[in-house]
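*Asks:* If you scroll down you'll find the structure; I have some questions about it.
Where a number appears in this text, it was derived from the coordinates with a stated rule and is not lab data. Since the model is a prediction, treat every value here as computed from it, not as a measurement. A quick note on method: Cβ atoms are made from the backbone with ideal geometry, for glycine too, and the neighbour counts reach across all protein chains shown.
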Amino acid sequence: MPRPNKDALIVVDVQNDFCSGGTLAVQDGDQVVAVLNRYIDQFTQGGLPIFATRDWHPEKTSHFISGGGPWPPHCIQGSWGAQFHPELKLPPETVMVSAGMGSDEDGYSGFLGRDESGARLVDLLRRQGVERIFVGGLATDYCVKHTVLDGLKEGFKVVLLADAVRGVNLNAGDSERAIEEMLHAGAEVATDLAQVPD
Ligand code: VGL
Ligand code: ZN
């Protein structure tokens with residue numbers, strides 16, 4: 001089970017543009033919402049911190065095809081597509097972390113993001129004494145992967161919530177390879193908090 005004062009949940013980019021009807025819809029992306037709501041409930045019950053990252057791009061960026069990048073426009077600051085999925089039940093205490101705000105960056109990792117005061121995710125986590133992060137959201141092969149890998153590099157234990165992620169799969173198998181990469185780098189995988197060791 002999650003440990004008081006040491007564990008945090010990080011919900012990655014569960015935004016309209018990555019769900020059905022969005023400009024960069026991930027297959028079955030919406031399905032993570034109900035699963036994440038259960039994890040959110042469990043962390044809330046335990047009094048544990050919850051962070052939600054969001055992809056938060058300017059209109060003109062090298063991240064988009066129009067600027068030479070790989071992606072159609074998505075998650076433009078202030079747009080409907082950038083809003084969290086309407087059924088995602090984030091408690092009011094959730095700390096929001098925005099990434100990809102520069103005109104020349106992809107910002108795939110939540111660890112490149114900042115909260116409203118400009119604080120970096122790593123500092124927010126350390127300030128609270130967090131030692132282990134539980135990560136779920138979208139997309140497995142981009143922002144989830146980079147957030148997990150950076151979390152490990154920063155010295156956190158990382159648990160990938162495997163039932164709460166879905167991938168873009170630009171190339172077939174990208175999500176499976178991303179999960180392999182995360183495991184290889186030292187992440188653990190779980191689909192049930194009761195089975196996670198202390
Ligand atoms: C993401 C592609 C482009 C993600 C963000 O959140 O995984 N993927 N921008
Ligand atoms: Zn993006």
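*Asks:* Can you give me the long-range amide H partners of Val26? Hydrogens built in the peptide plane at 1.01 Å from N, cutoff under 5 Å, separation of 5 or more residues or another chain.
*Replies:* For Val26, whose amide H was placed from the backbone, the distant partners under 5 Å are Cys19.
*Asks:* Within the set of other residues whose C-beta is less than 14 Å from the C-beta of Asp17, count the net charge using Lys and Arg as +1 and Asp and Glu as -1. Display every interim value, and only then the final one.
*Replies:* On the way: positive: Arg54, Arg166; negative: Asp13, Asp30, Asp55, Glu59.
Result for the neighbourhood of Asp17: -2.
*Asks:* I need the phi-derived Karplus couplings for the stretch 173-179: 6.51 cos²θ - 1.76 cosθ + 1.60, θ = phi - 60°, integer Hz, Gly and Pro marked x.
*Replies:* For the stretch 173-179, the Karplus-derived couplings read x, 4, 5, 4, 5, 4, 5 Hz, x marking Gly and Pro.
*Asks:* Also, quick follow-up: How high is the relative contact order of the stretch 74-158, in percent, with contacts defined as C-alpha pairs under 8 Å that are six or more residues apart?
*Replies:* Contact order relative to length: 21 percent.
*Asks:* Rounding to the nearest 20 debye, state how big the charge dipole of the chain is about its Cα centre with +1 on each Lys and Arg Cβ and -1 on each Asp and Glu Cβ.
*Replies:* Taking the Cα centre of the chain as origin, the dipole is about 420 debye.
*Asks:* How big is the dipole moment of the stretch 131-179 about its Cα centre under a simple scheme where the beta carbon of each Lys and Arg is +1, that of each Asp and Glu is -1, and everything else is neutral? Debye, nearest 20, please.
*Replies:* Values: 6 positive and 7 negative charges, 11 e Å.
The calculated dipole for the stretch 131-179 is roughly 60 debye.
*Asks:* Considering the dipole of the chain built from charges on the beta carbon (Lys and Arg +1, Asp and Glu -1) around the Cα centre, which of Phe84, Val144, Leu9 is farthest to its positive end?
*Replies:* With unit charges placed on the Cβ atoms, the residue in question is Leu9.
*Asks:* How much mean residue ellipticity at 222 nm does the chain get from its helices, if each DSSP H run of length 4 or more adds -39500 (n - 2.57) and you divide by all residues, to the nearest 500 deg cm²/dmol?
*Replies:* About -6500 deg cm²/dmol.
*Asks:* Okay, next question. Going 7 Å from the Cα of Asn171 along its beta-carbon direction, which residues of the stretch 128-149 have the amide nitrogen within less than 17 Å of the resulting point?
*Replies:* 140-143, 145-146
*Asks:* Continuing with this model, one more query. Name the residues of the stretch 31-67 whose amide N is less than 15 Å from a point 7 angstrom out from the Cα of Asn5 along the C-beta direction?
*Replies:* 47-49
*Asks:* Let me ask something additional. Amide H to amide H under 5 Å from Gln128: which residues, 5+ apart in sequence or cross-chain, H placed 1.01 Å off N in plane?
*Replies:* none
*Asks:* Given an 8 Å cut-off on Cα distances and at least 6 residues of separation, report the relative contact order of the chain as a percent.
*Replies:* It comes to 25 percent, rounded to a whole number.
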